[in-house]
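**Q** Can you keep this structure in mind? I'll have questions shortly.
Derivation of every value follows stated rules applied to the coordinates shown; laboratory data play no part. Remember, it's a predicted structure, so these values are computed and weren't measured experimentally. Glycine gets a Cβ as well: all are built from the backbone with ideal geometry, and neighbour counts include every protein chain shown.
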Amino acid sequence: MRFNRSAPPCPVIPVLIYPDPSAAADWLSKAFGFTVRLRIANHRIQMKAGDGCFTIAEGNVKPNNSQHVQVRIEDAEEHCERARKNGAVILNEPKDHPYGERQYNAQDFHGHRWDFTETFADVAPEEWSGGEFHLE
């Protein structure tokens with residue numbers, strides 16, 4: 001794969017639509033701790049989420065919750081409190097799951113759903129009836 005410093009280095013890049021990309025970038029930075037990678041005029045902003053990335057694009061399409069963005073984090077409890085203090089609607093509080101993840105769900109100010117996950121244990125899928133595991 002070739003490198004282009006103008007493009008995010010991630011192989012999968014979700015694009016989320018907001019009416020005001022700058023306001024969205026500011027809010028997402030405060031509430032969820034994301035950082036701006038690149039601003040392209042006033043209509044497109046590349047954001048970093050840990051080692052991942054996503055793009056904010058300008059538009060007036062309301063989210064329909066047919067997809068969620070899942071982000072790996074270090075501390076679900078602390079992250080959830082930060083999100084709550086900055087206006088995120090917490091849909092589900094942090095909860096431990098048998099597959100070794102502590103997860104919570106939030107909705108941002110525009111209606112996009114975000115799923116945050118913290119690994120607390122390395123659990124083989126067969127230990128929690130997760131099916132067959134294929135490492136490729």
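**Q** What do you get for Rg/Rh over the chain if you use C-alpha atoms and the Kirkwood form of Rh?
**A** Checking Rg against Rh, the ratio lands at 1.00.
**Q** Amide H of Gln70: which non-local residues (sequence gap of 5 or more, or other chain) have their own amide H closer than 5 Å, using H built in the peptide plane?
**A** Asp115
**Q** Hey, another quick one. So if I take the centroid of the Cα atoms in region 83-126 and the same for region 1-59, what is the distance between those two points in Å?
**A** 20 Å
**Q** Further question: Can you tell me how much longer the chain between Glu77 and Ile13 gets when fully stretched, taken as 0.36 nm per residue apart minus their C-alpha distance, in nm with one decimal?
**A** Additional length available on full extension: 20.4 nm.
**Q** Rounded to the nearest 0.05, what FRET efficiency do Trp128 and Ser66 have when you use their Cβ-Cβ distance and R0 = 25 Å?
**A** So, using R0 = 25 Å, E works out to roughly 0.40.
**Q** Please compute the contact order of region 15-127 in relative form: average sequence separation of alpha-carbon pairs under 8 Å and at least six residues apart, divided by the residue count, as a percent.
**A** 23 percent
**Q** Residues in region 39-56, backbone N under 20 Å from the label point at Ala23 (7 Å along the Cα-to-beta-carbon vector): list them, ranges by number please.
**A** Those under the cut-off are 39-47, 55-56.
**Q** If you don't mind, there's one more thing I want to ask. HN-Hα J couplings of region 7-17 from phi, Karplus 6.51/-1.76/1.60, θ = phi - 60°, integer Hz, Gly and Pro as x?
**A** 10, x, x, 7, x, 10, 10, x, 10, 10, 9
**Q** Same structure, new question: Non-local amide H neighbours of Glu101 (under 5 Å, H modeled in plane, Pro and chain starts lacking H): which ones?
**A** Distant-sequence amide H within range of Glu101: Phe120.
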